[in-house]
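The values are calculated or read from the model by the stated rules, or taken from the named source; none is laboratory data. Since this is a predicted model, take the numbers as computed values, not measurements. Neighbour counts run over all protein chains shown; Cβ positions are idealised from the backbone, glycine included.
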Amino acid sequence: MITYKKAILDEREIADLIKLSKMWEDEDCTFGLVGNTKDDLHEPLYVAYDDDKLVGYIMGKYFIEDQKRSYIEVGDKCFEVEELYVVPSYRSKGIGKTLFSIIENEVKDNVKYIVLGTSTKDYKRALKFYVDDNDMTYHSAFLIKKTK
């Protein structure tokens with residue numbers, strides 16, 4: 001049974017989170033991802049466990065927009081989802097959706113927008129997850145084509 005909780009960030013959980021982010025890096029599914037160190041971990045951070053095995057996490061940060069955007073005004077309070085990861089063998093079981101929902105419920109009364117950027121190599125899956133499954137709005141894309 002999967003259980004969810006706010007991360008404690010004791011030594012064991014820190015080690016498990018670092019190991020999971022290294023697993024994500026090794027999976028090579030995201031451009032430029034580098035595994036976390038202890039200093040990269042911060043609240044709010046929620047975790048998913050299958051018994052005592054860490055199988056997913058989400059973390060992010062609050063910020064106040066300092067530039068006018070096409071949809072966000074200077075001074076708007078926002079929350080950025082920085083990382084959401086679920087172990088491959090646990091995907092498509094609702095764990096990521098539940099983690100997203102938990103953090104959304106924590107921040108929604110304090111911010112005007114929840115935002116995120118992704119550099120996934122599987123953009124179709126990411127768009128389905130964030131836009132279709134979690135009701136986010138697709139706003140823009142940054143595309144590149146390597147020529148050499």
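All but one of (1) out of contact with any helix residue (DSSP H, G or I) (no Cβ under 9 Å at 6 or more places or on another chain); (2) at negative phi; (3) not β-branched (Val, Ile, Thr) hold for Leu84; which doesn't?
Condition not satisfied by Leu84: (1).
List every residue pair whose Cβ atoms lie under 8 Å apart, where the two residues are 6 or more positions apart in sequence or sit on different chains, the first residue falls within region 80-93 and is under 15 Å from Pro44 (Cβ atoms) and touching a residue at least 12 places away in the same chain (Cβ under 8 Å), and the second residue, located anywhere, is among the charged types (D, E, K, R) and in a strand (DSSP E or B).
The qualifying pairs are Glu80/Lys61; Glu82/Lys61.
Pairs, please: C-beta under 7 Å, at least 6 apart or cross-chain, first residue over 17 Å from Ser140 (Cβ atoms) and in region 106-128, second among the charged types (D, E, K, R) and not in a loop (DSSP other than H, G, I, E, B)?
Correct list of pairs: Asn110/Lys77; Val111/Lys77; Lys112/Lys77.
Filter region 129-143 down to the residues that are assigned to a loop (DSSP other than H, G, I, E, B) and either touching a strand residue (DSSP E or B) at 6+ places or on another chain (Cβ under 8 Å) or free of Cβ contacts under 8 Å to residues at least 24 places away in the same chain (or both) and list them by number.
Matches in region 129-143: Asp135, Met136, Thr137, Tyr138, Ser140, Ala141, Phe142, Leu143.
Determine whether Asp66 is in a loop (DSSP other than H, G, I, E, B), over 22 Å from Lys22 (Cβ atoms) and at pLDDT 95 or above.
When the stated conditions are applied, Asp66 does not pass them.
Does Ile103 satisfy being part of a helix (DSSP H, G or I), over 18 Å from Leu20 (Cα atoms) and β-branched (Val, Ile, Thr)?
So Ile103 passes the test.
If you go through region 23-79, how many residues are touching a helix residue (DSSP H, G or I) at 6+ places or on another chain (Cβ under 9 Å), of a type in the set (Asp, Glu) and exposed (fewer than 12 other Cβ atoms within 10 Å of the Cβ)?
Residues meeting the conditions: 0.
So, in region 106-121, of the ones that are outside any strand (DSSP E or B) and touching a Cys at 6+ places or on another chain (Cβ under 6 Å), which residue ends up nearest to Leu45 (Cα to Cα)?
Val111
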